[in-house]
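The values are calculated or read from the model by the stated rules, or taken from the named source; none is laboratory data. In this text, all values refer to a predicted model and were calculated from it rather than measured experimentally. A quick note on method: Cβ atoms are made from the backbone with ideal geometry, for glycine too, and the neighbour counts reach across all protein chains shown.
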Amino acid sequence: MIEDLQELRTFERIVHGGSLSAAARDLGVSLAVVSKRLTSLERRLKVRLLNRSTRRASLTDEGQLFRVHCQNVLDAVEAAEAALEQRQDVVAGVLRLTAPNGFGRRHVVPAVRGFQKAHPAVRVHLSLRDEVVDLVGEGIELALRYGTLDDSRLVARQLAPNRRVLCASPDYLQRRGVPRRIADLQGHDCIASGSPPVSHWRFLEGGRTIAVPVNATTLCDDGEVAQLMAVQGAGIARKSIWDVAEDLKAGRLVEVLPDHALATSPLSAVHGPGKQLAPRVRVFLDHLLRHLQSTVAWRYASDS
């Protein structure tokens, strides 16, 4: 489509300047480029648009007809570009975003409330789900995700530090004992979560990642449910620090095996192809980052 517009603009400049060389000077390209664009346009339309000599170019009858419609197209494109330029600094429209359930409820929802108070012209469509979402297919502008990208079409910006921790309630640890080694997990009730639930937990040992099978007595596809079960004493859960920081601070959960680091999983803001984000997306990301930096979870995450 961009190439088509270049050909149309080149054709219009040839007609306006009266020659291919004048169009080349006007557009700042070589004469060969102008000639190639014109030839491509005529080949695609299967008609000769211009009679041309070394010095002059004049419209054929078909060229006269085409020029009218060509000018209408270029005028429409120019008007559309002008309208978009006027909106470059306007924070408005519909912001479509998605986030994991627990993180979304704890951190995104409060951030959205504050953002909309400051920018009432923005409507927010927020989808909270733990599974990976097809951003391009579903028309979502922004996703907040843990971990790395699997889709090469997408662009990720690391938004915040993060670490995963193993945690359990004081009641559970009093009843079942405190694990001292990774191997001790086999003798404990573990709560596997994810979509699908992950019953192998990855640790960083000696500069490499090892996958450790655990005794998953409970499996669930909702991270919040796994956290609630851990708080209620059902077993040991593997959770992002962004989800459990408040429970750790309040003593409802206790970190297990703190000297054995789990594989990291940074929090990223992910969007579709291209570097140009709508103002509402850029401004929301800045607002969200300020909100996250004010939380207890940020301090816990930054201690990793």
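In segment 38-57, of all residues being touching a residue at least 24 places away in the same chain (Cβ under 8 Å) and in contact with a Lys or Arg (Cβ under 9 Å, 6 or more places away or on another chain), the one that is farthest from residue 23 (Cα to Cα) corresponds to 49. Of all residues in segment 129-152, those being modelled with pLDDT under 75 and small (Gly, Ala, Ser) number 1.
In the same structural domain as residue 194 (by TED's automatic domain parsing) and surrounded by 13 or more Cβ atoms within 10 Å (Cβ to Cβ): does that describe residue 146?
Against the criterion (in the same structural domain as residue 194 (by TED's automatic domain parsing) and surrounded by 13 or more Cβ atoms within 10 Å (Cβ to Cβ)), residue 146 does not qualify.
Those strands (runs of 3 or more DSSP E) of segment 229-304 in which 1 or more residues are small (Gly, Ala, Ser) and more than 23 Å from residue 171 (Cβ to Cβ) occupy 267-271. Applying the selection to segment 171-224, what residues are touching a strand residue (DSSP E or B) at 6+ places or on another chain (Cβ under 7 Å), surrounded by fewer than 13 Cβ atoms within 10 Å (Cβ to Cβ) and free of Cβ contacts under 8 Å to residues at least 12 places away in the same chain? Of everything in segment 171-224, just one residue is touching a strand residue (DSSP E or B) at 6+ places or on another chain (Cβ under 7 Å), surrounded by fewer than 13 Cβ atoms within 10 Å (Cβ to Cβ) and free of Cβ contacts under 8 Å to residues at least 12 places away in the same chain, namely 211.
Any chance segment 201-215 includes a residue that's within 26 Å of the chain's Cα centre (by Cα), outside the structural domain of residue 100 (by TED's automatic domain parsing) and not in a strand (DSSP E or B)? Checked segment 201-215: no residue is within 26 Å of the chain's Cα centre (by Cα), outside the structural domain of residue 100 (by TED's automatic domain parsing) and not in a strand (DSSP E or B). Of the residues making up segment 229-248, one or more are among the hydroxyl-bearing types (Ser, Thr, Tyr) and under 25 Å from residue 115 (Cα atoms). Scanning segment 144-169 for residues that are touching a strand residue (DSSP E or B) at 6+ places or on another chain (Cβ under 6 Å) and under 20 Å from residue 232 (Cβ atoms) yields 165, 166, 167, 168.
Restricted to helices (runs of 4 or more DSSP H) entirely inside segment 19-135, those with at least 1 residues that are within 30 Å of residue 154 (Cβ to Cβ) and β-branched (Val, Ile, Thr) are 61-86, 109-118.
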